[in-house]
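Inspection log for the structure reproduced underneath, given as structure tokens.
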Amino acid sequence: MNGLEAIAKAAAETGEDAKEKVRSSGVNLFVSLEEILDASLSFITWALLSDHFGKTKFRYNLEEARTFMAVQLNTVAAQTGITFDAKGKNTLYPLISGFNVLADICAVYLSRPDSDFLRASGEFPGFSKSELQPFVFRHRVFLFDGNRTDIDNMCALLRNITRCLSRADVASIRNRIDHQRADFPSPTEVLEMCSRLSTII
């Protein structure tokens, strides 16, 4: 991101050489950004909505988490025309929208009684009856085992990620850099986007 900022600061408003430098550096930034958003969205979805005691055994695998994320998010995203690819071929727009979609899914879960997701009595380990330490993973969805204030703060953060990335105009600038268009982003737009990205990342 520092490289793109430096190029944008030195670039004139017009000129093909300047545009090519911005385009070259920008492509690298957006590829890295897609990877960061994909990994983050996959992990957070996996962490909040999985049954870690019963299924994941607390072992994280990016490919499995990405598939899990796509299945979970597509149940809601399909209504908005967004589709998440389980193999990771997701562009910026669905990845940016995905954090808000995940917050929506969490809200749907949390609107239901937590007893709907309570683990069956036979699935509790023997040590869960100990009075020394309460068994943490009482539900099949970890969302219900976290502190509710922390979960609410996490959902607010998820919505804020989508909001900030949208305000940074990331997807639009990505498209305008990639193509020979009359509305190529100005150095000011690029610098503002980089500043907002630095804040949210």
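Taking amide H as placed 1.01 Å from N in the peptide plane, HIS139 has its amide H under 5 Å from the amide H of ARG119, each at least 5 places away in sequence or on another chain.
Taking amide H as placed 1.01 Å from N in the peptide plane, the amide H of GLY146 sits under 5 Å from none that are at least 5 places away or on another chain.
Per residue, how large is the accessible surface of the chain? Use a 1.4 angstrom probe and give square angstrom. If you can, show how the numbers build up before the last one.
Working: 11210 Å² over 201 residues.
I get 56 Å² per residue for the chain.
Ligands, DNA and RNA left out, the accessible area of the stretch 123-201 computed with a 1.4 Å probe is 51% carbon and sulfur.
Given a Förster distance of 41 Å, report the FRET efficiency between ASP116 and SER24 from their Cβ-Cβ distance, rounded to the nearest 0.05. Please list the in-between numbers first.
Details: r = 52 Å, r/R0 = 1.26.
Efficiency at R0 = 41 Å is approximately 0.20.
With θ taken as phi - 60° and the Karplus curve 6.51 cos²θ - 1.76 cosθ + 1.60 applied, the whole-hertz 3J(HN,Hα) list for the stretch 47-53 is 5, 7, 10, 8, 9, 6, 6 Hz, x standing for glycine and proline. Reported value for the stretch 1-138: 164 Å³ per residue, from the convex hull of its C-alpha atoms.
From helices alone, the chain scores -20000 deg cm²/dmol at 222 nm; the rule is -39500 (n - 2.57) for each run of n ≥ 4 DSSP H residues, then divide by the residue total.
Between the alpha-carbon centres of the stretch 146-167 and the stretch 1-75 there is a gap of 17 Å.
The values are calculated or read from the model by the stated rules, or taken from the named source; none is laboratory data. Predicted, not measured: the structure shown is a model, and the values here were computed from it. We place every Cβ from the backbone using ideal geometry, glycine too, and count neighbours over all the protein chains shown. All accessible areas refer to the heavy atoms of the entire protein, side chains included, with ligands and DNA or RNA removed. Shrake-Rupley method; radii C 1.70, N 1.55, O 1.52, S 1.80 Å.
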